[in-house]
1. Can you tell me which condition GLU101 does not meet? The list is (1) modelled with pLDDT under 85; (2) outside any helix (DSSP H, G or I), and all the others hold.
2. Which number in (1) assigned to a strand (DSSP E or B); (2) crowded, with 18+ Cβ neighbours inside 10 Å; (3) of a type outside the set (Lys, Arg); (4) at pLDDT below 95 marks the one condition that MET529 misses?
3. Does ARG261 qualify as being surrounded by fewer than 16 Cβ atoms within 10 Å (Cβ to Cβ) and either in contact with a helix residue (DSSP H, G or I) (Cβ under 9 Å, 6 or more places away or on another chain) or closer than 30 Å to ASP517 by Cβ (or both)?
4. Would you confirm whether any residue within the stretch 198-208 is at pLDDT below 80, within 30 Å of LYS291 (Cα to Cα) and either assigned to a loop (DSSP other than H, G, I, E, B) or assigned by TED's automatic domain parsing to the domain that holds THR263 (or both)?
5. What tally of residues in the stretch 541-576 results from selecting those that are in contact with a Gly (Cβ under 8 Å, 6 or more places away or on another chain), within 30 Å of SER462 (Cα to Cα) and assigned to a helix (DSSP H, G or I)?
6. Tell me, please, whether a residue that is farther than 16 Å from VAL189 by Cα and of a type in the set (Val, Ile, Thr) can be found in the stretch 220-238.
7. How many of the residues in the stretch 83-98 are surrounded by 21 or more Cβ atoms within 10 Å (Cβ to Cβ) and either among the hydrophobic types (A, V, I, L, M, F, W, C) or in a helix (DSSP H, G or I) (or both)?
8. Based on this model, can you work out whether VAL189 counts as of a type in the set (A, V, I, L, M, F, W, C), crowded, with 19+ Cβ neighbours inside 10 Å, assigned by TED's automatic domain parsing to the domain that holds ALA226 and modelled with pLDDT under 80?
Amino acid sequence: MYIKENELRKFIEQSGLVSAEDIKTASNESKKTGEPFENILLREGKVKEDELRRMEAYVLGIPFVSLVNQKIDTAVLSLIPEPLAAKNNIVAYRRSDRGLEVAMLDIDDLPVLDFIKKKVGLKILPRLTDASSMKDALNQYKKSLKADFDAIIQKESQSLKAVSESDEGGASEKDLKEMAEDLPIIKIVDTLISHAIIQNASDIHIEPQEASLLVRYRTDGILHDAMVLPKETAAGIVARIKVLSNLKLDEKRLPQDGRFRITTEAGDRVSFRVSTLPIYFGEKVVIRLLKENSKGFTLEGLGFHGEGLEKIHNAMRQTTGMILATGPTGSGKTTTLYTVLDMLNTPDVNISTVEDPIEYQMPRINQTQVKSEIGLTFANGLRTLLRQDPDIIMVGEIRDGETVSLAINAALTGHLVLSTIHTNSAAGAIPRMIDMGAESFLIVSTVKTIIAQRLVRRLCNSKEKYFMEDAEIQALGKLIDLDRMLDFLKAEKLIKNTDTWKEVPLYRPKPGAECEDGYKGRVGIHEVMDVTPTIKELILKGASSDDIEAQAKKEGMMTMLEDGIYQAVLGLTSTEEVLRVITE
C-alpha cells in the first residue's frame, strides 16, 4: 500500500466521505506517529472499512471482493491451510481456468503469495477484501472442520460397540487394544488432535459425563467447550490415547502419566503430555500440547522491558548464584527459564537440567527427566548433576527442603542455578524458601534475582482506543499508586510529561477478522526483584514479604500490576484482562 499512499490520500480527499478538517488532523498525526494516514481515519471512525478497502482497490487497480455470507467450496478453501490463512489474512475462495482467486487484507504480502503459488501450482489472482469478509471466510474453516468431525462421528460411531460400565471394568487388555486400533476410533482421535493444533490449544480436556463425552480446549489460558461426543466413543478414545502414550490399558483405578509425539504436515513436531484420572463416570484425560520446534523466544518478546530486563541480563552475567522464576502453574515460568538458558547456551559452558517433565528439547543441553517411581527425584537428580562438572544448572522446581538445600549448596560452590518456585510475588519467594528450611544467611548469599510473572491475553489489531473517565481512574487508584505509574510511563517516554491519566490512551478488545473475542496469543507481565544490600538486611532481620516488596518498590521495582498497566498503555492487553489475571 505504501507505494500508492499519496494517491490513496488524494482519492479520499476527492471522495467527499471525510471532512477537510478530519483529513488535516489525521495527516498531522500520521506525520507525528508514523501510523498510516488511512489507518488513523479508520480507527477514529471517520471512514468505514469497506469504503476504505474499495478505494484502495480502485487506486491499486485490482478487484475488490466481498465474501460476507458467501459459502466457499471446502476443496478450494482448504488449498490454503487454516494456520497460514489466519496468520496472513488470506483465503482462497474461487478456482477457475485462469487460476486461484485469493482474498487478502494486504495485497503487498508478496512472500506469502509466492509460497501459495508454489504449494498449489496455480497462478494466484489477488483480490482485496475487508475485515468482515475475512472474518466470515476464516470462520468457514472452523465450520468445515466441525462438519468434517461431525461427519466422522456420525459415520464411525454407528460401528462402535456400546460398552456399559460393568463391561468396561471387566474388559481385557486385548479387547481394549483392539478397540483402540479400530479405524473409526483412530480417525476420531486424529481429528480431535488436529483440531486442537489448528486452534492453537495448549490443553485438551476429555471428560466423561453421564450420557456423553465432553471435549474442551484451553486456548490463551481460557477453557472453551469444543464438542460433545457420543458416550459410546469414550472407552475407545481413552484406550487409543493410552496406546499412543504407552500407558496400561486395563488400569482404570489409578491415575497414569505418559507422552507421545507427532510431526504435522507442516513439519512441526508436537509433543503431547498425557494425564489420566479416574472420575465418577469413567476416566478423564488431559493432554498438554507442546510445540517442540517453537524457537526464537526472546526476553523482549516475552514482555520484559526497561529496568527489569536489565536486571535479568546482569544476573545472567554472573557465574554463581540463583535466578528464581515464581508464579502459579501455567504462568510461563519454564518458558522464561528456557529463554534464559538458550541465551546462556554457548560452547564454553556445560548446562545440565533436571525437570519434570522436559517440556522443550534443547540442543547442547543435558536434560534429565525426573522419575519418582524409581527414586530419581529432583533432589537425587540434582545431587548427581553436581558430579557432572556443570557450569549452569536448571532445577525444574524447588518443592521441598532437600531440593532447596541442594540448590543453595550448588550456588555456593561455584554454579549458576536457575529454578522455579510457587509463590504469588517475587518477594514471597523468600519466606517460602525459609519455610522449606533454608537459612536466611544462605539465601542472601546465593539468590541474585527473582522473577514473578503471569500471562495475559494479547489484544488483536482490531483493538479499540479509549480514555478513562473519572470513576475508572478512581477505581484504578485504589489498586496502584497513580502518580508513581505516571512517572514510569513518562520515564519510558510513552506519554508526554504534561499528560494526566485522562490523556493516557488505553485499549479494549474489539472482535475482528483475526479473533472472535478480540484477543489472540498471550504476553507476560512481570516483576523483577534484585536482592540488593538493603533487601539482604531485611531478610536477615526476618522481614515479611510485604516489607521486602515495599523496599523493592522504593528501589524502583515495577510490580506485576503496574507492569500490566504499562502493557495496557502499550496496547498489548487491556486493563480488564490484567485485573482478571492478577486477582485470580
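1. Just one mismatch for GLU101, condition (1).
2. So the condition that MET529 fails would be (4).
3. Spelling it out, it is not the case that ARG261 is surrounded by fewer than 16 Cβ atoms within 10 Å (Cβ to Cβ) and either in contact with a helix residue (DSSP H, G or I) (Cβ under 9 Å, 6 or more places away or on another chain) or closer than 30 Å to ASP517 by Cβ (or both).
4. Yes, the stretch 198-208 contains a residue that is at pLDDT below 80, within 30 Å of LYS291 (Cα to Cα) and either assigned to a loop (DSSP other than H, G, I, E, B) or assigned by TED's automatic domain parsing to the domain that holds THR263 (or both).
5. Number satisfying all stated conditions: 3.
6. There is at least one residue in the stretch 220-238 that is farther than 16 Å from VAL189 by Cα and of a type in the set (Val, Ile, Thr).
7. Qualifying residue count for the region: 4.
8. In short, no.
The values are calculated or read from the model by the stated rules, or taken from the named source; none is laboratory data. In this text, all values refer to a predicted model and were calculated from it rather than measured experimentally. For neighbour counting, all protein chains shown are included, and Cβ atoms are generated from backbone atoms with ideal geometry for every residue, glycine included.
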